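Below is one structure; the comments refer to it alone.
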Amino acid sequence: MTFRLGLLAKTLASSALALGIAGAAQAESFKVGIVTFLSGGAAESFGVPAWNGGKLLVEKLNKGEMPAPYDQVGFGGLTIEPVVIDEAGGATKQVQEFRNLVQRENVDAVLGYVSSGDCLAVPPVAEELKAFLILYDCGTPRVFEEASYNYVFRTAAHAAMDNISLAKYMTSRGINVGSFAGVNQDYAWGQDSWADFVASMGHLQPSAEQKTALFPKIFAGQYGTEISAVMREKPDVLHSSLWGGDLQAFMLQATARGLHKRMQVALAAGDHVIPQLGQKMPDGIILGARGMNGLAAKAKGGPLIDALWDEYEAAYGTFPVQAPFRMWQGLLGLKSAVEKAMAANGGKKPSAEELAAAMKGLTWEAPSGTITMALGGGHQAIQPNAIGTTKWDEAAGKMTLVDIEYYGAECVNPPDGVKAVEWIKAGFPGAKC
Amino acid sequence: MDLLLVILVDGLIYGAWLFIVSVGLTLVFGVLGILNLAHGSLYAMGAYMTASAVGLYFGAGGDAVPLGSYAVMILAAAVVALLVTPVLERGLLRHFYHRDEVIGVLVTYGVFLILEDVIKLIWGVEPLFVYEPYDLLGLVEWGPLFYVAYDFLVIGAAIVVGLAVWAFLNKTRRGKVVLAVIHDREMSQTMGVNVDRVFMLAFGAGVFLAALGGALTAPMISVSPGIGVNVIIVAFAVIIIGGLGSIEGAAIGAVLVGIARAASVHLMPEIELFIIYFVMAVVLVFRPEGLFVKTQTRKI
């Protein structure tokens, strides 16, 4: 009897302890600083749709409405509490905002940054403060190619794969490129995109002649002269990594002048203007989405797409383009890291050190495919990519992508320790296609 | 030869647009002595008002008379001028006419920041499109190139605006009164000119011209937050080249910048961004007051 009473007492005690932990975990939250553009030129294309997608996912995670392996409520039972900050204002302001998030708001992690400038400025401060930071969107390869960090991770692939994939697509689709020209913005994104595309074409279609390379100012809005210059040169292919309002204005002005009928237009990151342009985005434009995102992801399908796509469309009146996909893969990566760290530390909210250890080299599933922290010593993600061609679906009254080609992450991303541009110049050694 | 003609046409198209977006700025400075940093926001408001109004026009059956959308664009610019002028000029700027020019710059910078948020409050952050007027007139084929006929309409609009402002100032009694105020505000007041009224009319004209610039640009761009920021920079370059307050100067400055930029894009694209400021620097070396401002004696 004594034994039985003892057993009962132990059982009750352990049950109470378990309930207590569960209760504490339910009451406890995981505070995430979210930094993305809510105003300014990059808001409408990237920042706002990204957080629209993020908000939807956080709500679903907090209700435990996502499919496995993300069916546990919040992050490991901890309610996700987002603190959203506008990224507008420049790198100096963002460094201060980051300090505020960590030191005043006491966030457990920060997930943010679309601008490459911010992605270069904030990581040293994260290291100084020993604060866990996920860069979720920006494209510059320099973050981990020129520095190494303990607490900083990027959950999206850098920009090199966008232009490598474009060049591979044209080659595999049998588009014989006699010559090509470019219209890219005059800052790091545009210059790097053009350099990666030129280097890739140099290997894949070495006989292709490089014609004019134009670099209008970001947010220029007027492209009449650039369009004349390109039409005079008559290249077979026009490459562009323009984005947002610049890409919308360029397409409106270029298609009105019939540029797309005289050459193949290839857009490195063009999917995100489809909802706004509708039929003004002509058929036959080759475009990427900086990963297997948007329409290409929908064509591939899967339970995570099924869980998010329709609800996003219903909530925001448009389909999710690339930006929400990168937000989703960042948040799901963070969830995976938190739960891995909690499994290792006995279910406590993980510290920045524990999160960093869990995130390093992590692999997880996202609506955009399998994400692996394979570069930068396990701090920089690689992911699959997809390129397709636009075609208006008259019956459905919406734009679709056809002739989509999917590229494995290790086909279009360099191996760890190799700079992207050097990898391209060496002819993609070790690429697994 | 073909290349030279292409440069000339591209330069004139860009120059015409530049003139329309900068003439209001130089007019306001000439009359009121205020360098209006909010000019870019007024341009943006013109673009937004046009996007809304033309959208409504086509939504209400405007397809039957599509050319009527051009009248709607002008009307939209006029509505912006009628709404904004009394609030800004009577409500704010008139309190700063006798203060240092720097104060005017700071005040209009504040107005610029406020208007950028007002635009977001009214129209939101989603882009607006109003491309129907851009396609209406068809294409003009020229060798390997196709131009949108709308671009030539912008050149025509710039010529009409330039001539109308010039004729008003030089050929009408009211215009001569404005010139008198520009020349000597105090003497004009002494002679019975209602200077306050002249200021309001001139500012209203400046707002209308800024909004008209936005209205004419709206069909070829995505109308979204921040479109006015770059405009103010190039508009300043143009009026500094031409001479602050000079209408003729703005015209010559716009054409110079337009052709220089077109030449650089076609011949040496790597200097495209630099060329506008190079032209400005060269002009200022030889004419520190700009091309069309005579050196003035200073009243003590």
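The values are calculated or read from the model by the stated rules, or taken from the named source; none is laboratory data. Predicted, not measured: the structure shown is a model, and the values here were computed from it. No Cβ is skipped: glycine too gets one built from the backbone with ideal geometry, and neighbour counts run over all protein chains shown.
Selection of the range B:34-69 for residues being modelled with pLDDT of 95 or more and β-branched (Val, Ile, Thr) yields B:THR50, B:VAL54.
One residue stands out in the range A:360-377 among those that are modelled with pLDDT under 95 and part of a loop (DSSP other than H, G, I, E, B): the one that is surrounded by the most Cβ atoms within 10 Å (Cβ to Cβ), namely A:GLY376. Can you tell me how many residues in the range A:38-70 are within 14 Å of chain B (Cβ to nearest Cβ), part of a helix (DSSP H, G or I), touching a Pro at 6+ places or on another chain (Cβ under 8 Å) and not acidic (Asp, Glu)? Result for the range A:38-70: 4.
The residue pairs whose first member lies in the range B:132-148 and is in contact (Cβ under 8 Å) with a residue 60 or more places away in the chain and crowded, with 17+ Cβ neighbours inside 10 Å, whose second member is of a type in the set (A, V, I, L, M) and part of a strand (DSSP E or B), and whose beta carbons are closer than 6 Å, counting only pairs six or more residues apart or on different chains, are B:TYR147/B:VAL140. Specify the residue that is farthest from B:SER22 (Cα to Cα); the eligible residues are those in the range B:207-239 that are part of a helix (DSSP H, G or I), within 13 Å of another protein chain (Cβ to nearest Cβ) and not aliphatic (A, V, I, L, M). It comes out as B:PRO219. Does the range A:48-73 hold any residues that are closer than 14 Å to A:TRP309 by Cβ and of a type in the set (S, T, N, Q), and which are they? The answer is A:ASN52, and nothing else. Whether a residue is within 12 Å of chain A (Cβ to nearest Cβ) and aromatic (Phe, Trp, Tyr) was assessed, and B:PHE278 does not pass this test. Filtering B:VAL255, B:VAL238, B:VAL234, B:VAL265 for residues that are in contact with a strand residue (DSSP E or B) (Cβ under 8 Å, 6 or more places away or on another chain), in contact (Cβ under 8 Å) with a residue 60 or more places away in the chain and on the phi < 0 side of the Ramachandran plot leaves a single hit, B:VAL265.
B:LEU56 meets all of the listed conditions (1) in contact with a His (Cβ under 8 Å, 6 or more places away or on another chain); (2) aliphatic (A, V, I, L, M); (3) surrounded by fewer than 24 Cβ atoms within 10 Å (Cβ to Cβ); (4) more than 12 Å from chain A (Cβ to nearest Cβ) but one, namely (1). For the range B:141-166, a tally of residues being closer than 15 Å to A:GLY258 by Cα and modelled with pLDDT of 90 or more returns 5.
In the range A:293-351, of all residues being closer than 19 Å to A:TRP243 by Cβ and in a loop (DSSP other than H, G, I, E, B), the one that is farthest from the chain's Cα centre (by Cα) corresponds to A:THR318.
Inside the range A:195-265, counting only helices (runs of 4 or more DSSP H) that do not spill past its ends, which hold 3 or more residues that are facing another protein chain (nearest Cβ under 10 Å) and buried (at least 19 other Cβ atoms within 10 Å of the Cβ)?
Qualifying helices (runs of 4 or more DSSP H): A:224-233, A:244-256.
Just one of the listed residues (A:GLU128, A:GLU81, A:GLU87, A:GLU44) is out of contact with any Phe, Trp or Tyr (no Cβ under 9 Å at 6 or more places or on another chain), at negative phi and charged (D, E, K, R), namely A:GLU128. Going by what's in this entry, would B:GLY245 be described as surrounded by 21 or more Cβ atoms within 10 Å (Cβ to Cβ), within 14 Å of another protein chain (Cβ to nearest Cβ) and touching a residue at least 12 places away in the same chain (Cβ under 8 Å)? No; evaluated as a whole, the condition is false for this residue. What pairs come out if I take residues in the range A:83-111 that are touching a residue at least 40 places away in the same chain (Cβ under 8 Å) and more than 15 Å from A:LEU133 (Cβ to Cβ) and pair them with residues that are surrounded by fewer than 23 Cβ atoms within 10 Å (Cβ to Cβ) and of a type in the set (Ser, Thr, Tyr) whose C-beta lies under 8 Å away, six or more apart or interchain? Listed by first residue and then by second, the contacts come to A:ASP86/A:SER39; A:ALA88/A:SER39.
Table: residues versus (1) free of Cβ contacts under 8 Å to residues at least 12 places away in the same chain; (2) surrounded by 24 or more Cβ atoms within 10 Å (Cβ to Cβ).
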residue	(1), (2)
B:THR190	yes, no
B:LEU201	no, no
B:SER224	no, yes
B:ALA260	no, no
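Criterion applied to B:ALA164, B:ALA157 was being buried (at least 17 other Cβ atoms within 10 Å of the Cβ) and either under 21 Å from B:VAL72 (Cβ atoms) or within 8 Å of chain A (Cβ to nearest Cβ) (or both), and the one residue passing it is B:ALA157.
None of B:GLY15, B:GLY30, B:GLY55 is within 21 Å of A:TYR223 (Cβ to Cβ) and assigned to a helix (DSSP H, G or I) except B:GLY15.
Within the range A:69-82, the only residue that satisfies the criterion of being exposed (fewer than 15 other Cβ atoms within 10 Å of the Cβ) and touching a residue at least 12 places away in the same chain (Cβ under 8 Å) is A:PRO69. Among residues of the range A:289-315 being on the phi > 0 side of the Ramachandran plot and out of contact with any Asp or Glu (no Cβ under 7 Å at 6 or more places or on another chain), the one that is surrounded by the most Cβ atoms within 10 Å (Cβ to Cβ) is A:GLY291. Would you point out the residue of the range A:266-288, among those that are in a helix (DSSP H, G or I), of a type outside the set (A, V, I, L, M) and within 14 Å of chain B (Cβ to nearest Cβ), that is surrounded by the fewest Cβ atoms within 10 Å (Cβ to Cβ)? Filtering first and then ranking leaves A:GLN279.
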